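The block underneath contains the structure these notes are about, expressed in structure tokens.
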Amino acid sequence: MEVIIQPDPASASRVAAQILLALVTRKPNAVLGLATGGTPLALYRELITAHKDRGFDFSRVTTFNLDEYIGLPENHPQSYHAFMHENLFRHINIQPDRIHIPNGNAPDIQAHCLAYEEAIRNAGGLDLQLLGIGSDGHIGFNEPTSSLGSRTRTKTLTRQTIEDNARFFENDPNQVPQHCITMGIATILEARCALLLAFGKGKADAIAATIEGPLSAMIPASALQLHPNAIIIIDQDAAAKLTLADYYKEADAAKPTWQQDHATAP
Ligand code: PGA
């Protein structure tokens, strides 16, 4: 695992954007796994700026989102379809037919989940999967005790996640859908690079458990310990409970130049 501790979310998001843009520069037809939530917003703004100010080209990129609520209409402002359109896709030159987001209204959800996995495989697999982390350690919507071998499927959200997400639903937990479709942990682990971002004190326990705790389905993000190319970019607050924070900072500061472009090498 590569752990990069930055002073604040803005600088952490810039570092993440550099990694992602370097990948697309190297591989213009990259396949990107994308995430929703508050965490990636500043990163998405960096990508939009790269497109608007420097003409950065996303026209050959293919995307697969991690998850979607079941039962919310696609045009509901809190659906992840709406989130991605509003916060990224409508501002860059991505081709609509290269965008994939699980369909939480599919008539046959199980068949849809299988087809989603197949579509990722047919695209050549994910070059990079962007991840946030839940305060309960979830990645995607793989809640604690999710199988570490899981694939795209439905999950029931934990009470903690429903309460965390109520802020997007007029602070009313009853409006948060209880079910979702999510890529599985095995799906995420197959991405050639996993890039997890976390900001704020509320993520400090989950981050410490992910990086320094035992590998456990109780902390789904700890599965990234098995990933050969996982990068975790966090701010000082999210790093607050790491025992080896000084070591990660020293390693990052002393990173040899030959390794610097290595982060996302597919
Ligand atoms: P957040 O959510 O970015 O809104 O904190 C992260 C997650 O639940 O994965």
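The values are calculated or read from the model by the stated rules, or taken from the named source; none is laboratory data. This structure is a prediction, so every number in the text was calculated from the model and none was measured. Glycine also receives a Cβ, built like all others from the backbone with ideal geometry; neighbour counts cover every protein chain displayed. For accessibility, only protein heavy atoms count, side chains too; no ligands or nucleic acids. Shrake-Rupley method; radii C 1.70, N 1.55, O 1.52, S 1.80 Å.
Residue check: is Asn103 more than 16 Å from the ligand (Cβ to nearest atom) and surrounded by fewer than 15 Cβ atoms within 10 Å (Cβ to Cβ)? Can you show your working first?
Working: more than 16 Å from the ligand (Cβ to nearest atom): yes; surrounded by fewer than 15 Cβ atoms within 10 Å (Cβ to Cβ): no.
No, not satisfied.
Test Leu224 against the stated conditions and say whether it is touching a Leu at 6+ places or on another chain (Cβ under 9 Å), within 11 Å of Met1 (Cβ to Cβ), modelled with pLDDT of 95 or more and not in a helix (DSSP H, G or I). Spell out how you get there, then give the answer.
On the way: touching a Leu at 6+ places or on another chain (Cβ under 9 Å): yes; within 11 Å of Met1 (Cβ to Cβ): yes; modelled with pLDDT of 95 or more: yes; not in a helix (DSSP H, G or I): no.
Here the answer is no, as Leu224 does not meet what is asked.
Take the residues in the range 249-266 that are outside any loop (DSSP other than H, G, I, E, B) and of a type outside the set (A, V, I, L, M), then tell me which one is modelled with the lowest pLDDT. First the steps, then the outcome.
Restricting attention to the range 249-266, the residues satisfying the condition of being outside any loop (DSSP other than H, G, I, E, B) are 249-253, 257-260.
This time we only want the ones that are of a type outside the set (A, V, I, L, M), so: 249-250, 252, 257-260.
Working: Lys249: 96, Glu250: 95, Asp252: 92, Thr257: 77, Trp258: 72, Gln259: 70, Gln260: 66.
Restricting to residues being outside any loop (DSSP other than H, G, I, E, B) and of a type outside the set (A, V, I, L, M), the top hit is Gln260.
Consider the range 120-141. How many of its residues are more than 8 Å from the ligand (Cβ to nearest atom) and open to solvent by less than 30 Å² (accessible area, probe 1.4 Å)? Walk me through it before giving the result.
The initial filter retains those residues of the range 120-141 that are more than 8 Å from the ligand (Cβ to nearest atom), namely 120-130, 136-137.
Filter once more, keeping what is open to solvent by less than 30 Å² (accessible area, probe 1.4 Å): 120, 125-130, 136-137.
Counting residues in the range 120-141 that are more than 8 Å from the ligand (Cβ to nearest atom) and open to solvent by less than 30 Å² (accessible area, probe 1.4 Å) gives 9.
For Phe168, indicate whether it is open to solvent by 50 Å² or more (accessible area, probe 1.4 Å), in contact (Cβ under 8 Å) with a residue 24 or more places away in the chain, within 13 Å of the ligand (Cβ to nearest atom) and under 21 Å from Tyr44 (Cα atoms). If you could, list the steps in order and put the result at the bottom.
Details: open to solvent by 50 Å² or more (accessible area, probe 1.4 Å): yes; in contact (Cβ under 8 Å) with a residue 24 or more places away in the chain: yes; within 13 Å of the ligand (Cβ to nearest atom): yes; under 21 Å from Tyr44 (Cα atoms): yes.
Judged against the criteria, Phe168 is a match.
Could you list, in sequence order, the residues of the range 142-165 that are open to solvent by less than 30 Å² (accessible area, probe 1.4 Å), within 12 Å of the ligand (Cβ to nearest atom) and without any contact (Cβ under 8 Å) to a residue 40 or more places away in the chain?
Leu157, Thr161, Ile162, Asn165
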